[in-house]
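What follows is a short report on a single structure.
The values are calculated or read from the model by the stated rules, or taken from the named source; none is laboratory data. In this text, all values refer to a predicted model and were calculated from it rather than measured experimentally. When we count neighbours, we look across all protein chains shown, and the Cβ atoms used for this are built from the backbone with ideal geometry, even at glycine.
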Ligand SMILES: Cc1cc2nc3c(=O)[nH]c(=O)nc-3n(C[C@H](O)[C@H](O)[C@H](O)COP(=O)(O)O)c2cc1C
């Protein structure tokens, strides 16, 4: 089977937001889509290892902030490669709480508030079906998954439903590891321009350590 055909499926990028009782939490997802308009429902797929999964299951609601082309790539790294168990992801990004759910407010195309109706267990992931209870318009062009791959040069981590293991590459003697997402840079990183960023999580050169 040619698994690369699955890359032809289009997605957007979103931050699922949910409160853990003390602070806002959440993670990046690509797997969100509207399934009916009357009543308005959508579905998201969350990996069971994600803290966001635990919280959505418990709270029974979540917000979806629609990432735009103007959203800082580092936000995708912060929300998509770290866990809210260890880090206050919202600390560096403006947000507000609506109906107990955190929504990102700057450089975001829009926000959707959702109440979980039911869920389906799919092994590694749970698909949550939710009713849309409110929407808020933001600014900018929504970022597609294709834009994320082609323009930002981002990749999907293991917990994303679309993850595919990379082909083995011959190892170089000089290597650097991104301390945020674990991406390994083969070769001399100092040869890259100062504004070079991690192709996976968008962090600057300064977060890399030589290994
Ligand atoms: C581009 C991208 C797409 C992702 N898509 C999903 C997804 O659809 N579902 C999911 O459960 N995790 C997805 N992830 C992974 C989570 O964002 C990641 O595991 C995160 O660290 C979980 O954080 P948490 O433990 O605070 O919930 C994606 C990450 C990236 C960078």
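Table for the structure above
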| read-out | value |
| --- | --- |
| Residue count for the range 64-77, restricted to those that are in a helix (DSSP H, G or I) and either under 17 Å from residue 113 (Cα atoms) or within 9 Å of the ligand (Cβ to nearest atom) (or both) | 2 |
| From the options 48, 107, 87, residue that is at positive phi and within 17 Å of the chain's Cα centre (by Cα) | 107 |
| Meets criteria (within 24 Å of residue 57 (Cα to Cα) and modelled with pLDDT of 95 or more) for residue 126 | yes |
| Conditions (1) over 21 Å from residue 49 (Cα atoms); (2) away from the ligand (no atom under 11 Å from the Cβ); number of the one not met by residue 61 | (1) |
| Residue 35 being at pLDDT 95 or above, in contact with a helix residue (DSSP H, G or I) (Cβ under 8 Å, 6 or more places away or on another chain) and either outside the structural domain of residue 126 (by TED's automatic domain parsing) or closer than 23 Å to residue 145 by Cα (or both) | no |
| Enumerated strands (runs of 3 or more DSSP E) restricted to the range 141-211, each holding at least 3 residues that are modelled with pLDDT of 85 or more and surrounded by 14 or more Cβ atoms within 10 Å (Cβ to Cβ) | 175-178 |
| Subset of the range 28-47 (residues that are within 14 Å of the ligand (Cβ to nearest atom), touching a residue at least 60 places away in the same chain (Cβ under 8 Å) and assigned to a strand (DSSP E or B)) | 29, 42, 43, 44, 45, 46, 47 |
| Hey, residue 56 in a strand (DSSP E or B) and either touching a strand residue (DSSP E or B) at 6+ places or on another chain (Cβ under 7 Å) or in contact (Cβ under 8 Å) with a residue 40 or more places away in the chain (or both) or not | no |
| Hey, residue 94 more than 10 Å from the ligand (Cβ to nearest atom) and touching a helix residue (DSSP H, G or I) at 6+ places or on another chain (Cβ under 9 Å) or not | no |
| Boolean, residue 120 is surrounded by fewer than 24 Cβ atoms within 10 Å (Cβ to Cβ), in the same structural domain as residue 138 (by TED's automatic domain parsing) and within 15 Å of the ligand (Cβ to nearest atom) | yes |
| Checking residue 138 against (1) more than 16 Å from the ligand (Cβ to nearest atom); (2) in contact (Cβ under 8 Å) with a residue 40 or more places away in the chain; (3) out of contact with any strand residue (DSSP E or B) (no Cβ under 8 Å at 6 or more places or on another chain), the condition it does not meet | (3) |
